[in-house]
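Remarks on the structure that follows.
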Amino acid sequence: MADIIDGKMFAESLRAGIAAEVASLSFRPGLAVVLVGDDPASKVYVANKVRQTAEVGMRSFEHRLPAETTQEALLALVRKLNADAAVHGILVQLPLPGHLRADAIIAAISPQKDVDGLTVSNAGLLANGLPGLVPCTPLGCLLLLRDRLGDMTGLNAVVVGRSNLVGKPIAQLLLQQNCTVTIAHSKTRNLPELCRGADILIAAVGRAEMIKGDWIKPGATVIDVGINRVPAAETGKTKLTGDVAFAEAANVAGIITPVPGGVGPMTIACLLRNTLTAAKRIEARAPAVAEV
Ligand code: NDP
């Protein structure tokens, strides 16, 4: 039976470290979260982000806008937050209502405050191996892997999924760790065979239990990013499940993350970590306040 990673506990200790560092600073990092519309899942995510931001001692600025908000109004808010010295991180909760162009909104966020790591500027820095802000979920996966595996040099990593949000940045991070990285996607041939060669297997697909136990190399480390809502036979309600068939995979893997309780809790913890990073960089460059 695989060693099961407790992402909740890891995220808690990460947040405790962030809170201690925030308490030691001479200024208070601030995170602005923008929610447009009434998507129920987004509301829950934003409420959790706001609560956890306050819990680590940071300032939280919440902006809830109606679903009919125009592109111009949202862009104007982003520009205002870019210019606000009390705001060190800006997160626009995705998905946005259909009439808004998320790419243009993200592009308007100052790269220095882009704590979701989604601007082209931060993606480019990551691709070039330079310090920027890394998307939160991939960063969470990396922290879990580094904690368990330490040096990953020479390991074969297969990332299933190539989104800008998850698959591509995870692949870049693993490459920086000297892994030999393969990125798989919906057009990949012989996916089970490819996965069986992986020492590290990352599932970021969005298909419930697609990755089976016999796709996994014995002893491999399996990180399941997937969050899928499926009907629960027992209750008739829905339950969360990952992209990996957990019960059978846990019999083969050496280390595995569960869903829920694996990668999920790391995402907000890494958002806070990115906000702290952004705040320290911004404040280090800020001109000294004149003595009066
Ligand atoms: P996307 O839908 O943007 O990307 C999914 C990727 O999976 C695509 O690259 C797609 O390939 C690939 N794919 C789809 N079907 C197959 C298949 N049959 N075989 C191989 N590859 C396939 O999703 P995201 O990257 O945004 O998210 C992935 C999962 O992670 C989702 O379940 C999401 O809910 C979850 N997630 C979890 C987070 C967390 O905090 N834990 C945060 C963000 C996401 P192609 O490019 O060819 O279409």
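Numerical summary
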| read-out | value |
| --- | --- |
| Output for region 96-129, where each listed residue is among the β-branched types (Val, Ile, Thr), surrounded by fewer than 24 Cβ atoms within 10 Å (Cβ to Cβ) and farther than 17 Å from residue 76 by Cβ | 119, 120 |
| Pair list, Cβ under 6 Å, 6 or more apart: region 47-70 residue under 16 Å from residue 266 (Cβ atoms) and touching a residue at least 24 places away in the same chain (Cβ under 8 Å), other residue surrounded by 14 or more Cβ atoms within 10 Å (Cβ to Cβ) and among the basic types (Lys, Arg) | 56/15 |
| Evaluation of residue 119 against (1) of a type in the set (Val, Ile, Thr); (2) touching a strand residue (DSSP E or B) at 6+ places or on another chain (Cβ under 7 Å); (3) closer than 20 Å to residue 135 by Cα (one fails), failing number | (2) |
| So residue 132, is it within 16 Å of the ligand (Cβ to nearest atom), under 14 Å from residue 278 (Cα atoms) and open to solvent by less than 30 Å² (accessible area, probe 1.4 Å) | no |
| Out of 208, 203, 171, sole residue that is more than 10 Å from the ligand (Cβ to nearest atom), within 25 Å of residue 3 (Cβ to Cβ) and not charged (D, E, K, R) | 171 |
| Pick from region 83-124, criterion out of contact with any helix residue (DSSP H, G or I) (no Cβ under 8 Å at 6 or more places or on another chain) and among the acidic types (Asp, Glu), ranking: farthest from residue 279 (Cα to Cα) | 103 |
| Flag if residue 228 is at pLDDT 95 or above and within 10 Å of the ligand (Cβ to nearest atom) | yes |
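The values are calculated or read from the model by the stated rules, or taken from the named source; none is laboratory data. Because the structure is predicted, anything quoted here is derived from the model rather than measured. So basically every Cβ, Gly included, is an ideal-geometry build from the backbone, and we count neighbours across all protein chains shown. Areas reflect the complete protein model, heavy atoms only, side chains present, ligands, DNA and RNA absent. Shrake-Rupley method; radii C 1.70, N 1.55, O 1.52, S 1.80 Å.
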